[in-house]
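Before any comments, here is the structure.
What follows draws every value from the coordinates through simple rules; no lab data is involved. Because the structure is a prediction, the values reported are computed rather than measured. Neighbour counts run over all protein chains shown; Cβ positions are idealised from the backbone, glycine included.
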Amino acid sequence: MNPALKLLLALPLAAALAAQAPTEPGLASYVSKTINAKPLPLIDRASDDKGVQYLIEFDELILSIRPNHEFRAALRYRQTLASKGSQITQDPLQKMVVYGTWSAAGNQLKFVPDPKRGGDGLRILSGTFKDREIDVPFDYRNGSVSRRANVVLMRDDHIF
């Protein structure tokens, strides 16, 4: 087959494939489905060398990807500690809301928290997106124990 003809036949296919791959995540809300492949709510327990017990429960994270490359992340969680020999009580859920900016390159995402809008002391996070899903690894401390986790968020068009 003539090389020029092969190129002409391949161009529409390449254009169709490029049109299918989004360059940015959709402007929408994304709801946490799993952390480390486990459904939410997820409870993490740790104890230090003095027997103090720490509990973090991740209840829900809603990430809103907004116009002008802005985001809003709302986290509901529970954080409890109990001294050695005491029973861990059921503390109320806490809420944390962080605003900031996001950028995309290929399927990579970068989230930069705004220190004046809930992001003081938080790190920049990097993740990936594909179709209706965003994956974001993050580090957190539970007492004296450092952990690495990955949250998977799915697009939910019923949340504004």
Query raised in the report: Helix 3-20: angle to the longest alpha-carbon principal axis of the chain, degrees 0 to 90, nearest 10?
Result: 30
Query - Label assignment, Kirkwood radius over Cα pairs in Å derived from the structure, set [x] 16.0; [y] 16.7; [z] 18.1 - result: [z]
Report summary line: Expected unfolding gain across Tyr140-Val112 under the 0.36 nm per residue rule, minus the alpha-carbon gap, is 8.4 nm
Query raised in the report: In a GNM of the chain with a 10 Å cut-off on Cα contacts, which of Asp59, Asp120, Asp49 has the highest mean-square fluctuation?
Result: Asp49
**Report entry** Built amide H within the under 5 Å cut-off of Lys33, gap 5+
**Finding:** Val152, Leu153, Met154
Report task. Return the distance in nm (one decimal) between the two label points of a simple spin-label model at Ile88 and Arg132, each offset 7 Å from Cα along Cα→Cβ. Result -> 3.3
Report task. Mind scanning Lys50/Lys130; Lys50/Lys116; Lys33/Lys110; Lys84/Lys116 and naming the pairs with a C-alpha gap bigger than 32 Å? Result -> Lys50/Lys130; Lys50/Lys116; Lys84/Lys116
